[in-house]
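Each remark here refers to the structure printed beneath this line.
The values are calculated or read from the model by the stated rules, or taken from the named source; none is laboratory data. Because the structure is a prediction, the values reported are computed rather than measured. When we count neighbours, we look across all protein chains shown, and the Cβ atoms used for this are built from the backbone with ideal geometry, even at glycine.
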Amino acid sequence: MLVGVRRAAWREYAWSLLIVLGSTAADAFLLPHFERANLVMVYLLGVMWAALRLGRGPAIFASVLSVFLFDFLFVPPRFTLGVSDSQYLVTLGVMLAAAILISALGARLKIQVRSARQDARRSRLLASLSGDLVAIQDRDGILAASLRHLQDIFESRAVVLLPDAAGRLSVAAGDASLLGPDAPERGVAQWAFDAGQAAGLGTTTLPESRCLHLPLRGSKGELGILAVAPADIRRLMAPDTFRLLQAFANQTALALERGRLADEAERARIQHETEKLRSALLSSVSHDLRTPLAVITGVTSTLLESEATLSPAERHEMLRTAAEEAARLNRLVGNLLAMTRLESGALELKRSWHSIEELIGAALHRLESLRGDRPVTVDAPPELPLISVDDVLIEQVLFNLLENALKHAPSAQPIQIRARAGAGAVEVSIRDRGPGLAPGTEALIFEKFYRGAAGSSGGVGLGLAICRGIVEAHGGRIRAANAVGGGAEFTITLPVGEDAPRVEAEPSLVPEAREIGDLDGR
Amino acid sequence: MADEKAQEPLILIVEDEVQMLRFLRPALQGHGFRVLEARTGEEGLREAATRAPDVVLLDLGLPDLDGIEVTRRLREWTQVPILVISARGREEDKVAALDAGADDYVTKPFGVRELLARLRVALRRSSRVGDGEASRLTLGELEIDLEKRRVTLAGDAVHLTPIEYRLLAELARNAGKVMTHSQLLRQVWGPAYAHQSHYLRVYMAQLRRKLEADSAQPKHLITEPGVGYRLAES
């Protein structure tokens, strides 16, 4: 700003000259009517005005010029410069004293006005920053808003560096290239962070750095570093501006700390929910594991102790029950395992290209003993594209959905499976002719441990939750609805995946080639 | 069964869990097997060398040696049929064991009927090695004549493309046994195609449409998810 003042100085002297000339013109007009002593007053008025508005230099200039012109133009002998009358020296002295006094007063007033204005601006800027920050919870949002404001207020670009668990800083927001490719700049940041004081450009520590590194101070020590690459370091280091920058850094640190606390609260809440879920799982699982186990124990102990009294038919019936319950137990354990893998994030998709028709076939094959002679129809057009999925997992989804349909639909009614190609996806729907879903439960049934009103038909309420987990892991969707005409319909939509492979037509003899053409065209 | 009684096949069970042995021993003895037991991989390898069993039933989860390693070491010197026992969700173990030379697998928990069916397939295949390949295979209405390269369905000739035929023939030569994706791809398309499993999907779909009554509910060309394909015998 000093530069600005200096550049404008000649203009103020010009103004000062104008004022004196104005006073002279007025005096020339007043001369015939008033005493000379009164004419001096007009000059004094001009000097006071110059002192108030233009500062000391122009005011002194105006005083000297005023006395000179007064003497030259109005004091006889006129149009000569000889100071014949020493009383005008007193006039000059008074004028100079007034100029100096008033200009000092004016300057102080100006400084006060300016600092009041700056205070107002600063609080407005900080208020707008904190207003923005209050609305943001996440770390990246906070940092982005902070850097945006910094750019607006200080016309400087900056980056924020945050420490990892070991206390090593890395760039968390802003353009990392501001720090340059060199390690030293990061070293300065690290030093400022470890020492908890500003360093780098404009400070006494490592001033030859590219950036000014300010610690972001939280209530429990440094949270990170704000590294500012200023457009003009001298302006940035002007005491007022620097204080504003400090306040700015504090605001950012405060917001960061608040965000972190919110995160911790959220983590604690999730932990609590997980605990709740785990105990729900435990009670649910132990109930559902015990039922088949009770049957198996009962049957086998009966056979052990009273084998002789049982008819062969009774014995066979009991053993069949035990075998069925054991199979149920096995499915249950399988679902529990799948759920654990889904939850722990240990699920790794082994994708390759598969035909959905083939996976439907595999699920039906595995369901054979459970299904008995229940009619199942599959409608899958041959032109369905291959999809990029994990076959074992998708077969599990189809198996669970079909098992669910078998469980809820009356035994004579058919289960209908339909596969269709959509936009970049394949859609499979499984429809049963059972009682359908209770209204409002279409989304709930995919929640863990949810049991339908029919309830105790076995299962922990995990089967559909697993379906959803697997389908969503594939980037697909699953939904349930009541079908028109009764029964429930489950639909999964699986994206085809990118870069579908091509299988070139088989080079073969003519009749066989025609056959392939027939297949493709069907 | 009558000729089996004269010389009952000797089965070597390599399994460390006593409960499993308590179920397997009587079940297999009751169905015409002589049973030999080993509790560790090393013991299994020793027994296989000294007693020359007709078939090996090998659990993949052994305390000392990896079951896949046992398979590999057995295959260094013997073609004895190996049936591995594995768990669901461990498909890559099954594939590794099969690619290392195991003949087939059963998934825990399994019923005795399934186990016996797999064992019979394995035994029949090994007895076949001596007197050449069976050239004809009848599966319900489907008949495959490998010598004449003819496939008929309910007496009508089925026209297959050369690749379709090679794929079906490969499965037929290993009827009842699971074939991994890479085994089929190598045999039918060549080693360069070992990972191009989409070829397999497309051609299996074509075969099913020509040979199955309902291609979505196949009776013959069975998919084993994550492992491969099997031509079912029943």
Going through the stretch A:338-362 in order, the residues found to be at the interface with chain B (Cβ under 10 Å from one of its Cβ atoms) and within 34 Å of the chain's Cα centre (by Cα) are A:338, A:341, A:350, A:352
Can you tell me which residues in the stretch B:205-234 are part of a loop (DSSP other than H, G, I, E, B) and small (Gly, Ala, Ser)? B:213, B:215, B:216, B:226, B:232, B:234
Residues of the stretch A:153-178 classified as within 19 Å of residue A:245 (Cα to Cα) and crowded, with 17+ Cβ neighbours inside 10 Å, total: 12
Of the conditions (1) part of a loop (DSSP other than H, G, I, E, B); (2) within 14 Å of another protein chain (Cβ to nearest Cβ); (3) over 24 Å from residue B:19 (Cβ atoms), the single one that residue B:110 does not satisfy is (3)
Of all residues in the stretch B:213-234 being within 14 Å of residue B:144 (Cβ to Cβ) and surrounded by fewer than 22 Cβ atoms within 10 Å (Cβ to Cβ), which is modelled with the highest pLDDT? B:232
Considering only residues that are more than 10 Å from every other protein chain (Cβ to nearest Cβ) and modelled with pLDDT under 50, look in the stretch A:491-517 and name the one that is surrounded by the fewest Cβ atoms within 10 Å (Cβ to Cβ). A:510
Which residue pairs have Cβ atoms closer than 7 Å, lie 6 or more positions apart in sequence or on different chains, and pair a first residue in the stretch B:208-224 that is facing another protein chain (nearest Cβ under 7 Å) and closer than 11 Å to residue A:362 by Cα with a second residue that is of a type outside the set (A, V, I, L, M) and part of a strand (DSSP E or B)? B:222/B:229; B:222/B:230; B:223/B:229
Kindly check whether there is at least one residue in the stretch B:192-204 that is at pLDDT 90 or above, touching a strand residue (DSSP E or B) at 6+ places or on another chain (Cβ under 6 Å) and either more than 10 Å from every other protein chain (Cβ to nearest Cβ) or part of a loop (DSSP other than H, G, I, E, B) (or both). no
Filter the stretch B:70-87 down to residues that are surrounded by 15 or more Cβ atoms within 10 Å (Cβ to Cβ) and in a helix (DSSP H, G or I), then give me how many there are. 5
Going by the conditions given, is residue A:268 in a helix (DSSP H, G or I), farther than 18 Å from residue A:143 by Cβ and either outside the structural domain of residue A:177 (by TED's automatic domain parsing) or touching a helix residue (DSSP H, G or I) at 6+ places or on another chain (Cβ under 7 Å) (or both)? yes
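Matching residues to (1) touching a Phe, Trp or Tyr at 6+ places or on another chain (Cβ under 7 Å); (2) acidic (Asp, Glu); (3) part of a helix (DSSP H, G or I); (4) more than 9 Å from chain B (Cβ to nearest Cβ):
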| position | (1), (2), (3), (4) |
| --- | --- |
| A:364 | no, no, yes, no |
| A:385 | no, no, no, yes |
| A:401 | yes, no, yes, yes |
| A:412 | no, no, no, yes |
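Looking at the stretch B:138-191 only, could you name the residues that are assigned to a strand (DSSP E or B), away from every other protein chain (no Cβ under 14 Å) and surrounded by 20 or more Cβ atoms within 10 Å (Cβ to Cβ)? Show your work before the answer.
Filtering the stretch B:138-191 for residues assigned to a strand (DSSP E or B) gives B:138-139, B:142-145, B:150-153, B:156-157, B:178-180.
Add one more test, that the residue is away from every other protein chain (no Cβ under 14 Å), and what stays is B:138-139, B:142-145, B:150, B:152-153, B:156, B:179.
Across the stretch B:138-191, the qualifying residues are B:142, B:144, B:179.
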Considering (1) in contact with a Pro (Cβ under 7 Å, 6 or more places away or on another chain); (2) surrounded by fewer than 20 Cβ atoms within 10 Å (Cβ to Cβ), say which one residue B:103 fails and leave the rest. (2)
Within the stretch A:296-346, tally of residues that are crowded, with 17+ Cβ neighbours inside 10 Å and touching a Lys or Arg at 6+ places or on another chain (Cβ under 8 Å): 2
